[in-house]
Structure formats: structure tokens, C-alpha cells
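In what follows, a single structure is set out as C-alpha cells and then discussed.
The values are calculated or read from the model by the stated rules, or taken from the named source; none is laboratory data. Since the structure is predicted, the reported quantities are computational estimates derived from the model, not experimental observations. Note: ideal-geometry Cβ built from the backbone for every residue, glycine included; neighbour counts use all protein chains shown. SASA here: full protein model, heavy atoms, side chains in, ligands and nucleic acids out. Shrake-Rupley method; radii C 1.70, N 1.55, O 1.52, S 1.80 Å.
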Amino acid sequence: AAVELCRLSLWLVGHNRGKPLTFLKHKIKCGDSLIGVDDLSRLTKGIPKGAFNTSMEYESETALIYKKLNQEFLKTKVYTTQAQEETLSNDEKILADNYEKIIRIPVNKLADYSIKETEYMRLETSSQMNKDRTACNLFTYAFFQQYNEKNEIITSETLALFLSSEHSINKGLKDLVNAKALEYKFFHWPLEFPLVFEKGGFDVVLGNPPWEIMELK
């Protein structure tokens, strides 16, 4: 709702008579800006040991086991190949190029708006975007996963296998992490604003921090 209100406000302020509304879907997005991947190169470094810390005492023993397994796998130094690292870097460039093509589509009539929206949705649902988004979701959900017998635990090896081949992990796990990404509103900056991050990121970020105390200290 906040995104729609923001778009509406901008349309009301900036609308030109006789022109269709400006396309804003690629400019205004909703998500948790603090939860997600801020740089795709993080995926090539594996899941950090901090992801396996848990505040639940009944999970601590199992979490410690996977924490050790994760570190042992990273020590083998075969986490990712140069080809996989180059693929991620190339993915960023391709996404940025495609975004730039969408931005350059002129919108002089309603049909142009529909063309721009169709191209944007095609990019957002492309196989490349789905794979990169799932990889980021696997990385991020590792910090939220629960350690019980029902769940498959995500480690750096899980992520490495997925980067090697997206069919290397079961569909149930992919569905789980993608569902949790929607629930927690994971926000992967390089995928949401690829053109900006291909140029180094934002110059300024403004935020309204959450206040949990009445008196500022």
C-alpha cells in the first residue's frame, strides 16, 4: 500500500496533461532494506559462521554441528570456481543492461506504458533473475533457519551446489526459501536496482530508524 501511495503522490505532483503516467515500478520498491544481499560477490564467499548462531537453547547443539561442517567446507577452498564468480559478475552486467533498455523505452502513449511494463515483468521473471534471487534467498535464509529434523539445513555447500547447478538442490528447499523471502521481505539491492549497483551503488541513503526506547541515549 505504501508503494502505491508513493507512486500516486508522484503521479499527482509530476503528471503532464495529455501524457500517460510515468512508469515507476523499477524505481519504487518494497522490502526490508536491512535483510538481504547487498553485493552478489558475497555469494562466492560462502555463508558466514555467524549465520549458525541461535538464541534457542534447544537448537544450539545442532546449530554447532552445522557451524563446524560449514567451516570445514569453506576451509577446503573449493567453495566456488572462477567460472561461477565470473557468471555472477556477468549476471550483474546483463541485468544492468536490460534495466537500461527498459528505462530508455519512451512513454508517449498508453500503449508505450504497456510495452514498458511487459518488458519489465519479463526481466523480473526471467530464469536468470529467478536463479540469482533464489541464490540470494538461500544465503539470507541461512540466518533464519530452524534446526530440527524436518528441515534441510542450508550451509555453504548447499549454496555452492546451487551456484553450480540450480537443479542440484530439491524443489522443496527452493520453495521454502523463496516463500520465506516473501514473508520476511528479503531485499537484495543488486537485483532490485542493478543499474545503480553496476555503477557502484547509491550516493545517499536516507532512513527513519526504528525507535524502541522513549529517551534518546
| If you find the alpha carbon centre of region 20-48 and of region 145-217, how far apart are they in angstrom? | 9 Å
| message | Can you give me the Kirkwood hydrodynamic radius for region 85-136, using every pair of distinct Cα atoms, in Å to one decimal? | response | 12.0 Å
| query | If you take the alpha carbon radius of gyration of the chain and divide it by 2.2 N^0.38 Å, what ratio comes out, to two decimals? | reply | 1.19
| Anyone know which of Asn137, Asn98, Asn148 comes out most mobile in the 10 Å Cα GNM of the chain? | Asn148
| request: Starting from the coordinates of the alpha-carbon atoms of region 103-217, obtain the Kirkwood hydrodynamic radius over all distinct pairs and give the value in Å to one decimal. | output: 17.3 Å
| message | Are there any trypsin sites (Lys or Arg not before Pro) in region 98-180 that are in a DSSP loop and have at most 13 other Cβ atoms within 10 Å? List them by number. | response | Arg104, Lys109, Lys150
| remark: Whole-Hz Karplus couplings 3J(HN,Hα) for region 94-106, θ = phi - 60° and coefficients 6.51, -1.76, 1.60, Gly and Pro as x, run 5, 4, 4, 4, 5, 5, 5, 4, 5, 4, 6, 5, x
| request: May I ask which of Lys68/Lys185; Lys29/Lys180; Lys68/Lys150; Lys27/Lys93; Lys29/Lys199; Lys45/Lys75 have a Cα-Cα span longer than 23 Å here? | output: Lys68/Lys185
| query | Per residue, what accessible area does region 102-210 have, given a 1.4 Å probe and all protein chains present, in Å²? | reply | 57 Å²
| GNM, the chain, Cα, under 10 Å: largest mean-square fluctuation among Asp175, Asp91, Asp39? | Asp175
| field | Residue-span extension gain [Gln128 to Ser33] - 0.36 nm each, minus C-alpha spacing | value | 32.0 nm
| field | Computed [θ] at 222 nm, deg cm²/dmol, the chain (DSSP H ≥ 4; -39,500 (n - 2.57); rounded to nearest 500) | value | -17000 deg cm²/dmol
| remark: The helix 171-184 Cα axis meets the longest alpha-carbon principal axis of the chain at an angle in degrees, between 0 and 90 and rounded to 10, of 60 degrees
| request: For region 3-111, evaluate the Debye formula with one uniform point scatterer on each Cα (no solvent term) and list log10 I(q)/I(0) at q = 0.19 Å⁻¹, rounded to two decimals. | output: -1.09
| Over the Cα atoms of region 167-214, what is the Rg over Rh ratio if Rh follows Kirkwood? | 1.16
| request: Just the number, please: carbon plus sulfur as a percent of the accessible area of the chain, 1.4 Å probe, no ligands or DNA/RNA counted. | output: 55 percent
